[in-house]
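Heads up, the thing below is written out as structure tokens.
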Amino acid sequence: MAEFGYLLIGGVLWNNVIVTHLLGLYPFLGERPATVAQNGILGLVTTVLVVVAVTAGFALRSMVLVPMELIYLEHLTLVLVLIVLLAGAARVLRRAPAWMPEHLVLRVSLNSAALGVVILSLERAAGPAHTIVAALGLGLGVTVLLVLVEAIEERPETKLLPAWLRGMPLQFMTLGMIALALQGFSGIG
Amino acid sequence: MNYPLFKRPALALLFPALAPTLGGAVSVRAGLVLGAVILVAVLVTAPYNVVLAGRVPRAVRLVGTAVLAVTVSTLARFVLSVTDPFVSEALGVFLPLVTINVVILRQGVLYEADEAQPRAATQFAQSAWLALLLMGALVGIGAVREVLLTGALGQTAILAIDLSFFGGPGGVLIVVGSLLAVGQALRLASQRRGDASHG
């Protein structure tokens, strides 16, 4: 049980994919939802999709790819699994309520965190339960950083900063400092 | 499609297209390899999209683009594991993420193709030009990180002090943020000069 807790908390803190691999920077370099809540929803939808994709990917790998010696098709399989899941999510969320971020599924699909987390979870963990918990932790890690950066940027004090620092430069410096802080947890366990 | 990103000028797609593989550009060599794989993938997917534009729905073309791009990245991994195992190992998760770079670059161009209907040759040239620019950006970032991590560029020693802290993931985000701040400051200053000369 402690192992699962370590995987879950590690994914959020010291193994956070944004911090360790610089994955999932798309919302900061491209398009990000406008509010903290919408960023949280984006992160949670990404997490749910990643966990389902990892479960399907693990099953396909252990039942089809490894027995048939087709492991070199793993990345292609994972991309196809994600595409099917994203198409399903787009259908389900077609009539999404107004409080949800616009173009939610497109935002998830253009974010490398989704595919990156699926690949890393399958590479790292041993059994199915470990893989799913690792994916859940890594997905939650992306959610936490999205919410944190938006919450910092929404604070009124940021309006006092010089114009040349606002926007993307501030986001990157904030992310960098959060990354350094999170790396400080790496001694746990 | 009413997505704001795809309404931006094609050149503005470079920033979001950098996102998936930014972490992989840890040296000039790694940046060059990633950029070259993206260029090949974009060149492979361009004719497919140009030929099928208007005949096949955009969503179907997008799936085909992703499958072609991941195939190119898988082949690149095979070639690299034989020719340069060290770089192949270092790029790890970043090679399959080339798919997302290609989708961002191609989708932007596809959007423009659907809206403005440029000629096939123009679309092809624009895709290749964007991929080349992306390769340049990845090589540049790789060079900065290589200098920060090792204090040298190739065999040429550049830094006398250890700045490897700034080459790591946390440090490099601060460095990129600082470079962006300098760029933004210069842009705002030239804007102010322009406004003053007009006023």
* To do: Quickly run through region A:20-37 and pick out the residues that are away from chain B (no Cβ under 14 Å) and not hydroxyl-bearing (Ser, Thr, Tyr).
  => A:VAL36, A:ALA37
* Kindly check whether there is at least one residue in region A:148-168 that is at the interface with another protein chain (Cβ under 10 Å from one of its Cβ atoms) and touching a residue at least 12 places away in the same chain (Cβ under 8 Å). => yes
* Asked: Across region A:156-181, what is the number of residues that are buried (at least 19 other Cβ atoms within 10 Å of the Cβ) and of a type in the set (Gly, Ala, Ser)?
  -> 2
* Whichever residue in region A:56-96 is among the β-branched types (Val, Ile, Thr) and surrounded by fewer than 16 Cβ atoms within 10 Å (Cβ to Cβ) and, among such residues, is farthest from B:VAL93 (Cα to Cα) -> A:VAL92
* Structure fact -> Of (1) in a loop (DSSP other than H, G, I, E, B); (2) of a type outside the set (Ser, Thr, Tyr); (3) within 11 Å of chain B (Cβ to nearest Cβ), A:ALA126 satisfies every one except (3)
* Asked: For region B:23-142, which helices (runs of 4 or more DSSP H) that fit wholly inside it have 1 or more residues that are within 13 Å of chain A (Cβ to nearest Cβ) and surrounded by fewer than 18 Cβ atoms within 10 Å (Cβ to Cβ)?
  -> B:58-83, B:85-91
* **Selection within region A:1-33 - modelled with pLDDT of 80 or more, of a type in the set (A, V, I, L, M) and open to solvent by 10 Å² or more (accessible area, probe 1.4 Å)** => A:ALA2, A:LEU7, A:LEU8, A:ILE9, A:VAL12, A:LEU13
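Which members of region A:103-118 meet the condition of being at the interface with chain B (Cβ under 10 Å from one of its Cβ atoms) and surrounded by fewer than 22 Cβ atoms within 10 Å (Cβ to Cβ)?
Once the filter is applied, which keeps residues that are at the interface with chain B (Cβ under 10 Å from one of its Cβ atoms) and surrounded by fewer than 22 Cβ atoms within 10 Å (Cβ to Cβ), region A:103-118 yields A:HIS103, A:LEU106.
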* Asked: Of all helices (runs of 4 or more DSSP H) completely enclosed by region A:1-117, which ones contain at least 1 residues that are within 30 Å of B:LEU75 (Cβ to Cβ) and of a type in the set (Gly, Ala, Ser)?
  -> A:36-60, A:74-92, A:104-110
* Does region B:147-164 hold any residues that are touching a Leu at 6+ places or on another chain (Cβ under 6 Å) and either more than 23 Å from A:ALA179 (Cα to Cα) or open to solvent by less than 30 Å² (accessible area, probe 1.4 Å) (or both), and which are they? -> B:VAL147, B:LEU148, B:GLY151
* Structure fact -> Given (1) more than 12 Å from the chain's Cα centre (by Cα); (2) open to solvent by 40 Å² or more (accessible area, probe 1.4 Å), A:GLN38 misses just (2)
* Number of positions in region B:165-188 that are small (Gly, Ala, Ser) and open to solvent by 30 Å² or more (accessible area, probe 1.4 Å) -> 3
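The values are calculated or read from the model by the stated rules, or taken from the named source; none is laboratory data. Being a predicted model, the structure only gives us computed values, none of them experimental. With ideal geometry, Cβ positions are generated from the backbone for all residues, glycine too; neighbour counts draw on all protein chains shown. Only protein heavy atoms, including side chains, enter the accessible area calculation; ligands, DNA and RNA are left aside. Shrake-Rupley method; radii C 1.70, N 1.55, O 1.52, S 1.80 Å.
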